[in-house]
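A quick write-up on the structure given underneath.
The values are calculated or read from the model by the stated rules, or taken from the named source; none is laboratory data. The model shown is predicted, which means the values in this text are computed figures rather than measured ones. FYI the Cβ positions are ideal-geometry reconstructions off the backbone, even for glycines, and counts take in every protein chain you see. With ligands, DNA and RNA removed, areas are computed over all heavy atoms of the protein, side chains included. Shrake-Rupley method; radii C 1.70, N 1.55, O 1.52, S 1.80 Å.
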Amino acid sequence: MKRGRLLLVGLLVGLGLGFLFGWGLWPVQYHDTTPAQLRPDYRDEYLRLVALSYQVEPDLAQARARLAAMGDTAPFPQLVARIEAWITAGASPAALEPLIQLARDLGVDTPVMRAYLQEAQP
Amino acid sequence: MKASWVWLAVGVALGLAAGLIYTWGIQPVEFYDTYPPLMREDFRADWIRMTALAYAYDGDLERAHLRLQRLAPEEIRQELLQTLDAAVASGRPLSALQRLATLAQDYGADSPAVRVYAGEETVILLSTPTRAPTVPPPAAAAPSPTSTATATPLTVTTTPTLPPIPHVILPTPTPLPPPYRISQTIESCLPEPRLAISLTASVTVTVRGREQRQTIGLPGKELWLLGTDDADHAFTGLRPAQGLGYADFSVKPEHSYNLYIGTPTGAPVATLKTAACTGTGEGDRWQSWLIILQATGSP
């Protein structure tokens, strides 16, 4: 009986130490993450980079693959959400135009984007 | 008493093992807010590549540095060089190539393409001879600002209120010579027709106190080859082993081509037609050329 109690106490102590080491002191180190796991500000930056590099290398398949790497596939809700948020926030045309062009080339067109483009036209 | 401690140790060991299996294997800490250096190698490479292309587009160097923060410099250098080489091979605009090369150089990368596009050579202008609009008057001809009153009646006097008129010689306008002339054409017969260009300039250098004329290659010059149904362009200097002013083109048999330097407008530097070699006795071989062009002005 006493042995069983000692074993149980040992198990609990060991389990506690295991949690302490596994979650706290030596957690699993992630080195091979994907763009989908980036911090939100880096994800925004990633979207910008996809759009800007598309201006230099207009390879739509590659842009699509890059968006997919951050978990954004058709109808590209993350891209649309960021564009609309930046339009609302009054971002500069220089920052918005590459994103809007990419979205349109991907076949995405929303009323907010249409309204922005109509306003932007002289 | 001793047996009791053994049971306790066994319990701790089992518990520890179970805890680690659970925390490392079954329910590990999940990272949602990672940053670029933690991404997988191919994603990191793509991040660097996109940053370079974004810089080529917007020219925002500060932002490019921020985007590349905390990434390994060697990885950055390697990827920037690959991006530049790919951009050169794809015929991206010169301004984009220069920015890519500048960014690569900024991170200490070095390659022939970096030297060509980020070096001083890229700001060499096409050698267009210019003429000085005026010739300054000789010192003796300068009028005296003060009047003189001498006993000699033939002494020239000037009115102090009038400004002195410089002795101006207006050059007779003559058409400027073309910036390059063909210095040598070397013809050969190859299985596939090729056109190689070597842009050179003659410069004066001082060696041990003596001035000497030397012929140097001109890198970073854009060459255009317009055919009857196609067009191609290349930059000199991407094969330094062949010379800094070297570039070559694949051409089609039985086609006519016009060669331009800088922009594909105006009078071509050379016009060529690829034809079969005759009398070689080695099957189908085609005329190929190495044309050496020399800048007519100073580079």
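Taken residue by residue and averaged, Cβ atoms of other chains lying within 10 Å of the Cβ of B:38-46 number 6. For B:Ala275 and B:Gln214, the FRET efficiency from 1/(1 + (r/R0)^6), where r spans their Cβ atoms and R0 equals 35 Å, is about 0.45.
3J(HN,Hα) along segment B:15-28, derived from phi through the Karplus expression 6.51 cos²θ - 1.76 cosθ + 1.60 where θ = phi - 60°, amounts to x, 4, 4, 4, x, 6, 4, 5, 7, 8, x, 7, 10, x Hz, with x in place of Gly and Pro.
To the nearest 500 deg cm²/dmol, what mean residue ellipticity at 222 nm is calculated for chain A from DSSP H runs of n ≥ 4 alone, each contributing -39,500 (n - 2.57), summed and divided by the residues? Walk me through the numbers on the way to the answer.
Working: 6 runs with 80 residues, N = 122.
That comes out to -21000 deg cm²/dmol.
Computed 3J(HN,Hα) for segment A:95-108, one whole-Hz value per residue from the Karplus formula 6.51 cos²θ - 1.76 cosθ + 1.60 where θ = phi - 60°, is 7, 7, 4, x, 5, 5, 5, 4, 4, 5, 5, 7, x, 9, glycine and proline marked x.
For Cα pairs less than 8 Å apart in space and 6+ apart in sequence, what is the mean separation divided by the residue count of segment A:49-122, i.e. the relative contact order in percent? Can you show the working numbers first?
Details: 40 pairs, mean separation 25.1, N = 74.
Relative contact order for segment A:49-122 comes out at 34 percent.
Mean partner shielding of peptide A:38-51, defined as the number of other chain Cβ atoms within 10 Å of each residue Cβ, is 5. Relative contact order for segment B:14-77: 28 percent, from Cα pairs under 8 Å spaced at least 6 residues apart, divided by residue count.
Summing charges over neighbours of A:Leu117, with a neighbour being any other residue whose Cβ is under 14 Å away from its Cβ, gives -3 when K and R count +1 and D and E count -1. Taken as Cα centroids, segment A:9-87 and segment B:7-73 sit 10 Å apart, rounded to the nearest whole angstrom. The Rg/Rh ratio for segment B:192-299 is 1.07, where Rg is the radius of gyration of the alpha carbons and Rh is the Kirkwood radius. Sequence-ordered 3J(HN,Hα) estimates for segment B:211-217 from the Karplus curve with 6.51, -1.76 and 1.60 and θ = phi - 60° stand at 7, 9, 8, 10, 9, 10, x Hz, glycine and proline given as x. Peptide A:54-63 has a mean shielding of 4, counted as Cβ atoms of other protein chains within 10 Å of each residue's Cβ. In the complete set of protein chains, residue-level accessible area for B:Asp110 is approximately 100 Å², probe 1.4 angstrom.
Once both labels are positioned 7 Å from their Cα atoms along Cα-to-Cβ, the gap between A:Gln62 and B:Asp106 label points is 2.0 nm.
Tell me the total accessible area that A and B bury against each other, 1.4 angstrom probe, in square angstrom rounded to 100. Write out the running numbers ahead of the final one.
Values: alone 8630 and 19680 Å², together 24210 Å².
Separately minus together, A and B give about 4100 Å² buried.
Amide H contacts under 5 Å for B:Thr296: B:Tyr180, B:Arg181, restricted to partners 5 or more places along the chain or on a different chain, H placed in the peptide plane at 1.01 Å from N.
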